[in-house]
Structures are given as C-alpha cells and as structure tokens.
Amino acid sequence: MFVHETRVRVRYAETDQMGQMYYGRYAELFEVGRVEALRALGFPYRRIEERGILLPVRDLSVRYLMPVRYDDEVIIRTTIMEPLSARIRFRYELLSESGERLTEAETTLVFVDALSKRPCRAPADLIAALAPFFP
C-alpha cells in the first residue's frame, strides 16, 4: 500500500458556529490528500486529465471520531489501498499534530474516458509507479 501525508491548517471560513470544521468541508481535505498523494507519485491530476482521463468520485464514507477545530493543524494521511484497475480506492485519516486520529474516511474514484464517459483502465505508467507498493 502507498501512504502519503499532507499538513493543512483549518481556516476560520471552514468552521461552523461552534468553531468546529463544518462537516461538508471534510471532503475538501480528502481531495487535498489524494491530489497530493498522486502528485508525490509523479501524477498530478492535470497530467491525468491531459491524457483524456477523468476521476469522478463513486462513493465516500466518513466516520467522525473527534472534532477538528479552527486553527488546528491537521495531518491528512492518504493511503492507496490496493492495486489499480478501472478504479482507485483511497483511505484517509485526519490526525492531530500529536497523532490522535480525528476522522476516518474512504473514497472510490473511477477512471473514465473523457470523450466516451465510460470507465477505462488506469494509465499503465501509474499502475507501474504503484507496483512496488503492492508486492
């Protein structure tokens, strides 16, 4: 499995009246995590899209364990769970600076041909880049 970590600080605009991060904003942090994980592999979203491949989210599940608050620095730990096919599954953990788990989530994205709008296989070079992480 491939694991990548990114740090972000929660901004005031992302919080609700209680000073906690609004639940709808969590999906944005997961997007940051997966975009940066793919970038670390040498595959920024732009490069994938320039090849005529889109990555829509098929599903999202979230488990909120502890609140994330304004001005917290959060570690987004993103894990690619399994070898790629026509989809890619990500697991996320939001961690406090001290490593306490705040949130757990998963998304599944599907590789889609931009012209036909039909599922397609993941790019061969992305599969190859991830191969060492799935012996």
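Worth pointing out:
- Rounded to the nearest Hz, the phi-derived 3J(HN,Hα) couplings of region 93-107 under the Karplus curve 6.51 cos²θ - 1.76 cosθ + 1.60 (θ = phi - 60°) are 10, 9, 10, 6, 4, 8, x, 6, 6, 9, 8, 10, 7, 9, 10, where x marks glycine and proline.
- Angle in degrees between helix 26-40 and the longest Cα principal axis of the chain, rounded to the nearest 10: 50 degrees
- Nearest-0.05 FRET efficiency for residue 18 and residue 62, computed from C-beta distance (R0 25 Å): 0.90
- Under Karplus coefficients 6.51, -1.76 and 1.60, residue-wise ³J(HN,Hα) of region 7-22 in Hz, glycine/proline x: 10, 9, 10, 6, 8, 4, 5, 8, 9, 9, 4, 8, x, 9, 4, 5
- Given 15 as the ceiling on other Cβ atoms within 10 Å, longest exposed-site-free region of the chain for trypsin sites (Lys or Arg not before Pro) in DSSP loops: 52-116
- Paired Rg and Dmax values of the chain, which use every Cα atom, in angstrom: 15.6, 47
- Volume in Å³ per residue [convex hull over Cα atoms, computed for region 48-116]: 113 Å³
- Karplus 3J(HN,Hα) series, Hz, for region 69-75 with 6.51 cos²θ - 1.76 cosθ + 1.60 (x for Gly, Pro): 10, 3, 6, 5, 8, 10, 9
- Modelled label positions at residue 11 and residue 85, each set 7 Å beyond Cα in the direction of Cβ, lie 3.9 nm from each other.
- Cβ-derived FRET efficiency at R0 25 Å, residue 97 paired with residue 133, nearest 0.05: 0.40
- From helices alone, the chain scores -6000 deg cm²/dmol at 222 nm; the rule is -39500 (n - 2.57) for each run of n ≥ 4 DSSP H residues, then divide by the residue total.
Computed from the coordinates by the stated procedures, all read-outs in this text should not be read as laboratory data. Just so it is clear, the model here is predicted, and its values are computed rather than measured. When we count neighbours, we look across all protein chains shown, and the Cβ atoms used for this are built from the backbone with ideal geometry, even at glycine.
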